[in-house]
Amino acid sequence: MLRTATFAALRQAKAGSGKMPQLFQAARAMASMPSSTLSGEDTVTFEFCDRTFEGYNIEIPSRTLTMSKTEAVGLYREMQMVRRLEMAADSSYKHKLIRGFCHLCTGQEAVPVGIEGAITKDDAVITAYRCHGFTYMRGATPVGILAELMGRKDGVSKGKGGSMHMYAPNFYGGNGIVGAQVPLGAGIAFAQKYKGERTCTLALYGDGAANQGQVFESYNMAKLWDLPVIFVCENNKYGMGTAAGRAAANTDYYTRGQYIPGIRVNGMDVLAVRQAVAYAREYAVESGPLVLEMKTYRYGGHSMSDPGTTYRTREEIQHMRSTSDPITGYKHRLLETGATTEEDLKVIDKQAKKEIDEALAQAKAIPEPNGSELWDDVYVKGSEVPYLRGRVPEETHYYNVD
């Protein structure tokens, strides 16, 4: 399937200019092919166990993945960057440099990194409020993310969005309303199909949001119109402080699309995520919606205000850290396959820490936005309403007033 897609993409790319997305996807597809087709590149092959993928009304992805060693090591680096970024956010919050809501993805790094490794920059991603890793992977800088968390003017949302409202090219947030991003994702996919683009949208949500009615409404419209959307449920076992089994009659989230096929994926394995998303992307562009369930785990609480130990034991958290950590587990696989060396990985670890430490220092030095900018970016310039109310009548702001 991938080989056919590769040759088709290359033919389309040669047909004329403006076809770089297809050419880029062809390169992505080649990375999943047997090493014999990756001529001139030093490659590594990984095998998946029988429990890595489970399918619902669809064949599962291949249990063999071949990619260049450069890309394989790159996935490790990006997970380290996301982990370090979240550690910096954690520390900054505890030092009161970050206020308000703050949801970290520590433990779930394989999901944003694996997804980005399987899609193109022309594909779209939209998620909920645990969004820092996705924002980084979509192209935002660590400085921009940390500055946004601290409410500084050079943050990715000019210091006015905070933890839950971050954006990057073809990344639509960061959304604070539980489940509301799912129909938005279906709408983005509708636009992609309407414009004739061979791209897809990944609409992510958690196991807690999976019971929202709007999720099922989105399933219906997506299947009715065969929209190129991949619904991705990040099942980290707990919706805020409630275990999934206490809130959902069916916790096999990959089967809940009913008339939409689904795949359950080991979301603690970055390679499995990459393989499943590459497979799902090809399916969505050609045939319509698909549901992916990423079985993952967050080490911290739901947010920084949640200690995360009142509804689960410390022993459970430690067990997951010691047996299923996405970075440690992937490190072992890289070393076992000879993709890199222990010394090279140590260099990556040190460099990731250095980059994030420097980004944090830069972000701290950025000033807060001017109070007069509060009213900017609410409306596109030229489309403003006559006035906008503040907290009290005296704060009413009038647009287009000389």
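The values are calculated or read from the model by the stated rules, or taken from the named source; none is laboratory data. Computed from a predicted structure; not experimentally measured. Virtual Cβ from ideal backbone geometry, glycine too; neighbours counted across all protein chains shown. Heavy atoms of the whole protein, side chains included, go into the accessibility calculation; ligands, DNA and RNA do not. Shrake-Rupley method; radii C 1.70, N 1.55, O 1.52, S 1.80 Å.
Summary table below
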item	result
R0 of 45 Å, Cβ-Cβ distance GLN351-SER287: FRET efficiency to nearest 0.05	0.65
Length gained when the stretch LYS94-LYS195 is fully extended (0.36 nm per residue, less Cα-Cα span)	31.8 nm
Within-12-Å neighbourhood charge of VAL265 [Cβ basis; K, R +1; D, E -1]	0
Estimated 222 nm signal from helices in the chain, with DSSP H stretches of n ≥ 4 weighted -39500 (n - 2.57), rounded to 500	-13000 deg cm²/dmol
GNM result for the chain, Cα springs below 10 Å: residue of PRO112, PRO369, PRO61 fluctuating most strongly	PRO369
Among ARG264, ARG77, ARG314, residue whose mean-square fluctuation peaks in a GNM of the chain (springs only between Cα atoms under 10 Å)	ARG314
Percent accessible area from carbon and sulfur atoms, region 267-402, protein chains only, probe 1.4 Å	51
Å² of accessible area per residue within the chain, as computed with a 1.4 Å probe and no ligands counted	47
Spatially proximal lysines relative to LYS193 (Cα-Cα < 18 Å; intrachain offsets below 8 disregarded)	LYS19, LYS121, LYS223
Between region 308-356 and region 199-253, the alpha-carbon center distance in angstrom	28
Sequence-distant lysines (8 or more away, or on other chains) whose Cα lies within less than 22 Å of LYS94	LYS153, LYS160, LYS353, LYS354, LYS364
GNM result for the chain, Cα springs below 10 Å: residue of ASP357, ASP50, ASP207 fluctuating most strongly	ASP50
Full-stretch length increase - TYR311, THR323 - with 0.36 nm per residue and alpha-carbon distance subtracted	2.3 nm
Candidate lysines - alpha carbon under 17 Å from LYS69, same-chain residues fewer than 8 apart omitted	LYS331, LYS346
Alpha-carbon centroids, region 100-146 and region 366-402: separation in whole Å	30
Cα-only radius of gyration and Dmax that characterise region 226-375, units Å	20.0, 57
Over the chain, equivalent-ellipsoid semi-axes from the Cα gyration tensor in Å	33, 26, 23
Gap separating the Cα centres of region 277-293 and region 39-64, nearest whole Å	15
Percent antiparallel among DSSP beta bridges (both partners in the chain, rounded to 5)	40
Accessible-area order (highest first, 1.4 angstrom probe) of the listed residues MET240, MET137	MET240, MET137
